[in-house]
Ligand SMILES: CC(C)(COP(=O)(O)OP(=O)(O)OC[C@H]1O[C@@H](n2cnc3c(N)ncnc32)[C@H](O)[C@@H]1OP(=O)(O)O)[C@@H](O)C(=O)NCCC(=O)NCCS
């Protein structure tokens, strides 16, 4: 809940979070700081008909730009690929340059747009990634 509040501005309620973490059709990967007993980063998605719908990626504001976002999202994509998903999709606000760059760095490409999708009237950009690329990257990763 603290990570949601600080990085996402209360994206989900407590009930929604419990559902996300318990539902077998949901997938989440996070990095926990044992010393401070806090969640540093989290990536979550829904497994739907062989696809991963990435719902969120969040990193504690004080920990951003240290590679944690890339790490959890990459791990989420790899897990989804291992579970048989072939495609990852997501929506991102057109003004969220940090997230757009992160998704681009992991190979997501633009595959559409929803005009005025968000409550504030902002457009959503649709991004997708063929998860075979993840397998290739994992197999070819240097020791
Ligand atoms: C988006 C977010 C998850 C990125 O996490 P992060 O740990 O800071 O990102 P990383 O350090 O792993 O960066 C990976 C790449 O993302 C891009 N990036 C990350 N932060 C960026 C920023 N502030 N500006 C521009 N590009 C950025 C860069 O391409 C970066 O690669 P580089 O460091 O080699 O340049 C983080 O900014 C965040 O939690 N934002 C608030 C929540 C949010 O908007 N989530 C996405 C929608 S749910």
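The values are calculated or read from the model by the stated rules, or taken from the named source; none is laboratory data. Owing to the predicted nature of the structure, the values given are computational and were not obtained by experimental measurement. Cβ: placed from backbone, ideal geometry, glycine included. Neighbour counts: every protein chain shown.
If you go through the stretch 94-109 one residue at a time, do you hit one that is at pLDDT 95 or above, surrounded by 14 or more Cβ atoms within 10 Å (Cβ to Cβ), assigned to a helix (DSSP H, G or I) and touching a helix residue (DSSP H, G or I) at 6+ places or on another chain (Cβ under 6 Å)? Checked against the condition, which is being at pLDDT 95 or above, surrounded by 14 or more Cβ atoms within 10 Å (Cβ to Cβ), assigned to a helix (DSSP H, G or I) and touching a helix residue (DSSP H, G or I) at 6+ places or on another chain (Cβ under 6 Å), the stretch 94-109 yields at least one hit.
Of all residues in the stretch 35-83, those satisfying the criterion of being crowded, with 22+ Cβ neighbours inside 10 Å and part of a strand (DSSP E or B) are 41, 42, 43, 44, 45, 52, 54, 57, 58, 59.
Taking the stretch 45-63, which residues are closer than 24 Å to residue 2 by Cα, touching a residue at least 40 places away in the same chain (Cβ under 8 Å) and in contact with a strand residue (DSSP E or B) (Cβ under 9 Å, 6 or more places away or on another chain)?
In the first step, residues of the stretch 45-63 are kept if they are closer than 24 Å to residue 2 by Cα; the result is 45-46, 53-63.
Narrowing further to those that are touching a residue at least 40 places away in the same chain (Cβ under 8 Å): 45, 56-61.
Within the stretch 45-63, 45, 56, 57, 58, 59, 60 qualify.
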